[in-house]
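Q: Supplied in structure tokens, the structure appears directly below.
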Amino acid sequence: MKRLSEIEELKNLRFFVKFVKKEHVDMLLDGELYMNTLEHYIVQENTTKVRGQGDKNEGSLVVEVQNIQIFDSKTKKLIGSAKKGIHRETYSGLKKIPVFCFTIFNSNDFLVTKEKEELLEFSLDIDKEDIKKICDNFGEVAVVLPQDFCELVIEEAENQNLDSRIKSVTYHDYSILDSKRMNLFEEKSPDIVTWKDDFFKYQREIRFVIYEQHEQAKIFKMGSIREHAQIVNTETFLKNGKFQIRFEAIADKCN
């Protein structure tokens, strides 16, 4: 069987999904995006000690260091050592930035199961361990967002005169000293908001970011998406979800 990405007309097709608890579905369908600050995710991991539900490295430059020696600042005597440790420098100016996190599945994540003259059937085909991690850490309901979700969000953000962007998260091996990442951190690049460790790759995350300071979560109102969103159980979507696309609609889906 071939991947959806092997079909030229569909190689750029993507699906946006928000995994939520069932009590939050209506709010999302009404177009009210609940945006937590980066600080919320930092505190969440530090409090729960559960990696994957929050991230203490949000908005940070993280570097693995080796052969650490700790000296008393007054006596200059060696008071401790370690073979390996983590140096974390957090850009405090980003802690209060609100983000709306959702998931992007690209055409390479889907396997073609049936190909007919008038339609194509395909199903999600990702690593079983990724499926388990998503089920364990995300909500039980998968809301498949409209194909033009990103365009709708940015258009409304512009109408509200908000400095915002939507960008996929880039995943990094924090055990490797990356000079490019260091330079971007020193420049206080807006890309810092979309940095995460390779540990989180399974999340396939994409973020809507508003570059303004908020002490608490922000609710961004974009208008109802009920007409074009689809609701399905998370486990069903990940393990048994099947999709169809009619060939006459391919051009519209890819534009």
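The values are calculated or read from the model by the stated rules, or taken from the named source; none is laboratory data. All of these numbers come straight from a predicted model, not from anything done at the bench. Every residue, glycine as well, gets a Cβ built from its backbone with ideal geometry; the counts of neighbours run over all protein chains shown. Heavy atoms of the whole protein, side chains included, go into the accessibility calculation; ligands, DNA and RNA do not. Shrake-Rupley method; radii C 1.70, N 1.55, O 1.52, S 1.80 Å.
Q: Report yes if LYS180 is in contact with a helix residue (DSSP H, G or I) (Cβ under 9 Å, 6 or more places away or on another chain) and surrounded by fewer than 18 Cβ atoms within 10 Å (Cβ to Cβ), otherwise no. Before you say what the answer is, go through the steps one by one.
A: Values: in contact with a helix residue (DSSP H, G or I) (Cβ under 9 Å, 6 or more places away or on another chain): no; surrounded by fewer than 18 Cβ atoms within 10 Å (Cβ to Cβ): yes.
Answer is no for this residue.
Q: Are any residues in region 88-119 open to solvent by less than 40 Å² (accessible area, probe 1.4 Å) and touching a helix residue (DSSP H, G or I) at 6+ places or on another chain (Cβ under 7 Å), and if so, which ones?
A: LEU94, ILE97, VAL99, THR103, SER107, PHE110, VAL112, LEU119
Q: When residues of region 228-255 are filtered for being more than 19 Å from PHE19 (Cβ to Cβ) and either aromatic (Phe, Trp, Tyr) or modelled with pLDDT of 95 or more (or both), how many remain?
A: First, the residues of region 228-255 that are more than 19 Å from PHE19 (Cβ to Cβ): 244-255.
Add one more test, that the residue is either aromatic (Phe, Trp, Tyr) or modelled with pLDDT of 95 or more (or both), and what stays is 247.
Residues in region 228-255 being more than 19 Å from PHE19 (Cβ to Cβ) and either aromatic (Phe, Trp, Tyr) or modelled with pLDDT of 95 or more (or both): 1 in total.
Q: Look at region 82-113 and say how many of its residues are modelled with pLDDT under 90, within 25 Å of ARG204 (Cβ to Cβ) and of a type in the set (D, E, K, R).
A: The number of residues fulfilling the criteria is 1.
Q: In addition: Just to be sure I understand, how many residues within region 14-30 are touching a residue at least 24 places away in the same chain (Cβ under 8 Å) and either open to solvent by 40 Å² or more (accessible area, probe 1.4 Å) or not in a helix (DSSP H, G or I) (or both)?
A: Going residue by residue through region 14-30, those that are touching a residue at least 24 places away in the same chain (Cβ under 8 Å) are 14-22, 24-25, 28-30.
Then drop every residue that is not either open to solvent by 40 Å² or more (accessible area, probe 1.4 Å) or not in a helix (DSSP H, G or I) (or both), which leaves 14-22, 24, 30.
So the answer is 11.
Q: LEU10 is checked against (1) out of contact with any helix residue (DSSP H, G or I) (no Cβ under 7 Å at 6 or more places or on another chain); (2) surrounded by 14 or more Cβ atoms within 10 Å (Cβ to Cβ); (3) touching a residue at least 24 places away in the same chain (Cβ under 8 Å); (4) among the aliphatic types (A, V, I, L, M) and fails just one. What number does that condition carry?
A: Condition not satisfied by LEU10: (1).
Q: Of all residues in region 31-51 being farther than 15 Å from ARG207 by Cβ and open to solvent by 70 Å² or more (accessible area, probe 1.4 Å), which is nearest to the chain's Cα centre (by Cα)?
A: Of everything passing the filter in region 31-51, ARG51 is nearest to the chain's Cα centre (by Cα).
Conditions (1) under 17 Å from the mean Cα position of the chain (by Cα); (2) among the acidic types (Asp, Glu); (3) closer than 30 Å to GLY223 by Cα, marked per residue:
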{"position": "ARG88", "(1), (2), (3)": "no, no, no"}
{"position": "VAL112", "(1), (2), (3)": "no, no, no"}
{"position": "GLU115", "(1), (2), (3)": "no, yes, no"}
{"position": "LYS133", "(1), (2), (3)": "yes, no, no"}
{"position": "GLU187", "(1), (2), (3)": "no, yes, no"}
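Q: Anything in region 199-222 that is within 25 Å of ASN108 (Cβ to Cβ), assigned to a strand (DSSP E or B) and not hydrophobic (A, V, I, L, M, F, W, C)? List them, or say none.
A: Hits for region 199-222 are GLU205, ARG207.
Q: Counting only residues that are farther than 19 Å from GLU158 by Cβ, surrounded by fewer than 17 Cβ atoms within 10 Å (Cβ to Cβ) and either among the β-branched types (Val, Ile, Thr) or under 18 Å from the mean Cα position of the chain (by Cα) (or both), how many does region 190-219 have?
A: 6
Q: Among the residues of region 163-174, is there at least one that is modelled with pLDDT of 95 or more, of a type in the set (Phe, Trp, Tyr), buried (at least 18 other Cβ atoms within 10 Å of the Cβ) and within 27 Å of HIS228 (Cβ to Cβ)?
A: No, every residue in region 163-174 fails to be modelled with pLDDT of 95 or more, of a type in the set (Phe, Trp, Tyr), buried (at least 18 other Cβ atoms within 10 Å of the Cβ) and within 27 Å of HIS228 (Cβ to Cβ).
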